[in-house]
1. Kindly indicate which of 34, 2 is farther than 30 Å from residue 144 by Cβ, modelled with pLDDT of 90 or more and of a type outside the set (Asp, Glu).
2. Just to check your reading of the model, which residue among 95, 89 is hydroxyl-bearing (Ser, Thr, Tyr), surrounded by fewer than 19 Cβ atoms within 10 Å (Cβ to Cβ) and modelled with pLDDT of 85 or more?
3. Return the total of residues in the stretch 288-313 being under 18 Å from residue 12 (Cα atoms) and either modelled with pLDDT of 95 or more or of a type outside the set (Val, Ile, Thr) (or both).
4. Would you tally the residues in the stretch 57-69 being at pLDDT 80 or above and polar (S, T, N, Q)?
5. Mind telling me which of the residues 32, 8 ends up being under 20 Å from residue 311 (Cβ atoms) and either touching a helix residue (DSSP H, G or I) at 6+ places or on another chain (Cβ under 6 Å) or open to solvent by 20 Å² or more (accessible area, probe 1.4 Å) (or both)?
6. Of all the helices (runs of 4 or more DSSP H) wholly in the stretch 188-301, which have at least 1 residues that are open to solvent by less than 20 Å² (accessible area, probe 1.4 Å) and without any contact (Cβ under 8 Å) to a residue 40 or more places away in the chain?
7. Considering each of 153, 162 in turn, give the residue that is over 17 Å from residue 67 (Cβ atoms), in contact with a Cys (Cβ under 7 Å, 6 or more places away or on another chain) and open to solvent by 20 Å² or more (accessible area, probe 1.4 Å).
8. I need the full set of residues from the stretch 144-159 which are more than 13 Å from residue 127 (Cβ to Cβ) and under 11 Å from the mean Cα position of the chain (by Cα), in order please.
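The values are calculated or read from the model by the stated rules, or taken from the named source; none is laboratory data. Every value quoted in this text rests on a predicted model; they were computed, and no experiment measured them. Cβ placement follows ideal geometry from the backbone for every residue including glycine, while neighbour counts extend to all protein chains displayed. Just the protein is used for accessible areas: all its heavy atoms, side chains included, with ligands, DNA and RNA removed. Shrake-Rupley method; radii C 1.70, N 1.55, O 1.52, S 1.80 Å.
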Amino acid sequence: MTIVDIAKESGYSVTTVSRVLNNRQDVSPAAKETIMKIVEAHNFVPNTNAKRLKQTISRNIYLLVKGTSNMLFANIVEEIQSIIDRTDYSLSITYLDEDSNLSSVTDRICRERKPLGIIFLGGSRVDFSEDTFSFKVPCVIVTTSAENWSMEELSSVAIDDEKAGETIVDYLIEHGHTKIAEIGANLELSQTAILRHNGYLNSFKKHGITPDERYYERARFSYDSAYRAMKKLLEKNIEITAVYAISDVMAIGAIRAILDKGLRVPEDISITGFDGSTLAEYYNPKIVSIRQPHKDMAARSVELLFSMIDLHKGSCHEIIPFELTEGESVARID
């Protein structure tokens with residue numbers, strides 16, 4: 001019997017079973033009682049030599065991270081690693097530049113490493129076209145919804161990026177801002193950028209504000225690129241009272257450009273981020289952001305992958321609730 005068998009019999013997730021077997025406290029008494037009865041009934045003994053077993057029996061899962069500067073990704077990677085480390089699977093992590101060809105890397109890994117499953121952190125529709133994505137391996141993409149992609153082997157866990165973008169731009173408008181610039185990303189390559197930009201446009205439309213293309217600057221998801229994008233916005237000599245940055249990393253880079261110009265945040269220009277990272281929470285000023293629940297997203301992505309691998313379930317697409325976190329980076333204006 002494996003922990004997957006225990007999960008199936010108990011009705012609880014593999015993650016919950018793992019927590020019980022590791023004597024974790026974040027499990028309900030009812031779950032612990034049910035799972036331990038099954039463990040005792042089957043005389044199940046956890047394998048204390050799992051690390052050595054992983055070296056001889058292939059139970060390998062790959063985590064492909066597209067983007068090297070995303071603080072949210074770092075939190076999700078840590079959580080996924082912690083969850084899988086408590087199972088009889090092993091985890092290999094590969095980091096890719098955001099411009100890398102995800103399909104070719106995945107193809108090589110599938111041919112050479114024969115993974116049981118793959119978790120993608122980041123990526124867009126262009127990375128998963130029917131012509132290039134033909135891998136018959138259970139996969140889950142995190143932070144990007146694949147609900148309309150029609151791929152049998154691909155599940156997804158994400159927030160509603162478009163609604164989240166609309167929510168945070170609504171927040172700026174409710175605080176009196178109408179001259180709102182956006183630091184986004186490549187709209188031809190990034191689905192995340194498209195959805196968050198659509199949220200910006202939706203909010204404008206709802207409030208009767210006409211968008212102006214001069215207020216949009218494209219950047220990579222990095223401090224330096226966002227810094228340069230903000231400098232370009234300031235050099236246009238257009239009136240800007242607020243900036244909507246589509247990631248916390250971008251927001252921090254933009255703030256530095258604003259300060260280097262001799263301006264203040266939020267007194268002269270307000271700014272919002274996206275992701276709800278720890279750094280944004282402790283930055284000065286604390287950044288208003290959209291919090292993505294990284295622990296929930298990590299746990300569900302692993303559970304979905306395990307259900308596809310061990311229980312042969314089909315693909316599933318989940319939308320996780322987001323939260324707007326208030327801070328000190330937005331001023332109210334008349």
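1. Exactly one of 34, 2 is farther than 30 Å from residue 144 by Cβ, modelled with pLDDT of 90 or more and of a type outside the set (Asp, Glu), namely 34.
2. After applying the criteria, what remains is 95.
3. Adding up the residues that qualify gives 18.
4. Going through the stretch 57-69 one residue at a time, the tally reaches 1.
5. 8
6. Hits in the stretch 188-301: 191-206, 223-235, 248-260.
7. Within the list 153, 162, the selection yields 153.
8. Listed by number, the residues that qualify are 145, 157, 158, 159.
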